[in-house]
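**Q** My questions will all concern the structure given below.
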Amino acid sequence: MRFGPLFFACLAACVGWSAQAQTAADEAQSHFLAELDRQCPLKQLQMLSPRDLRDGLDDYMDGLPTDARAALQKSETDHCSSIDAGVACVNMADILAADEQGRMPDLAASLCVSFLRCSAQDTCDYAR
């Protein structure tokens, strides 16, 4: 039995899916940054560290209805089930799910309230 053609067919399908997922992630990231810039441009929240962003996303998720929270958690599982996936993957999965649900303005508003400002990359002050 020849596995070469089957292997290359599967590889092509995976590459195609990965390219599509990357495009959706890039688009969601763009929407996210644009919404932060629209709602609180002086805070410079695009400089949040992955850990600080995770804290803000966790706070945001705590305030969501059960079905919306479940959708974000499913996105995390679907996109970041690899052992190598880290906090940046989980953050992006949440941003992607929020974008797909049309919740980007709410997400940005939550982050704008959670943080006072960023003075440099990875140097941000919490509002709490």
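**Q** Tell me whether segment 114-124 contains one or more residues that are within 20 Å of A34 (Cα to Cα) and under 11 Å from the mean Cα position of the chain (by Cα).
**A** No; the residues of segment 114-124 include none that is within 20 Å of A34 (Cα to Cα) and under 11 Å from the mean Cα position of the chain (by Cα).
**Q** Could you list, in sequence order, the residues of segment 78-88 that are in contact (Cβ under 8 Å) with a residue 12 or more places away in the chain and either surrounded by 13 or more Cβ atoms within 10 Å (Cβ to Cβ) or among the polar types (S, T, N, Q) (or both)?
**A** Across segment 78-88, the qualifying residues are H79, C80, V87, A88.
**Q** Further question on the same structure: Identify, please: which residue in segment 18-35 is within 13 Å of the chain's Cα centre (by Cα) and within 11 Å of A108 (Cβ to Cβ) and is, among those, surrounded by the fewest Cβ atoms within 10 Å (Cβ to Cβ)?
**A** Result: L33.
**Q** For the subset of segment 45-58 comprising residues that are in contact with a helix residue (DSSP H, G or I) (Cβ under 9 Å, 6 or more places away or on another chain) and over 15 Å from V87 (Cα atoms), which member is surrounded by the most Cβ atoms within 10 Å (Cβ to Cβ)?
**A** Result: L45.
**Q** Here's another thing I want to ask about it. Working only within segment 94-113, note down all residues that are part of a helix (DSSP H, G or I), of a type in the set (D, E, K, R) and surrounded by fewer than 22 Cβ atoms within 10 Å (Cβ to Cβ).
**A** D99, E100, D106
**Q** Follow-up question, since we're still on this one. Filter segment 59-77 down to residues that are surrounded by 14 or more Cβ atoms within 10 Å (Cβ to Cβ) and either part of a helix (DSSP H, G or I) or among the hydroxyl-bearing types (S, T, Y) (or both), then give me how many there are.
**A** 10
**Q** Is one or more of the residues making up segment 96-108 in contact with a Pro (Cβ under 8 Å, 6 or more places away or on another chain) and under 18 Å from M47 (Cα atoms)?
**A** No, because not a single residue in segment 96-108 is in contact with a Pro (Cβ under 8 Å, 6 or more places away or on another chain) and under 18 Å from M47 (Cα atoms).
No value in this document is a laboratory result; all are computed from the given coordinates. These figures come from a predicted structure and were not determined experimentally. No Cβ is skipped: glycine too gets one built from the backbone with ideal geometry, and neighbour counts run over all protein chains shown.
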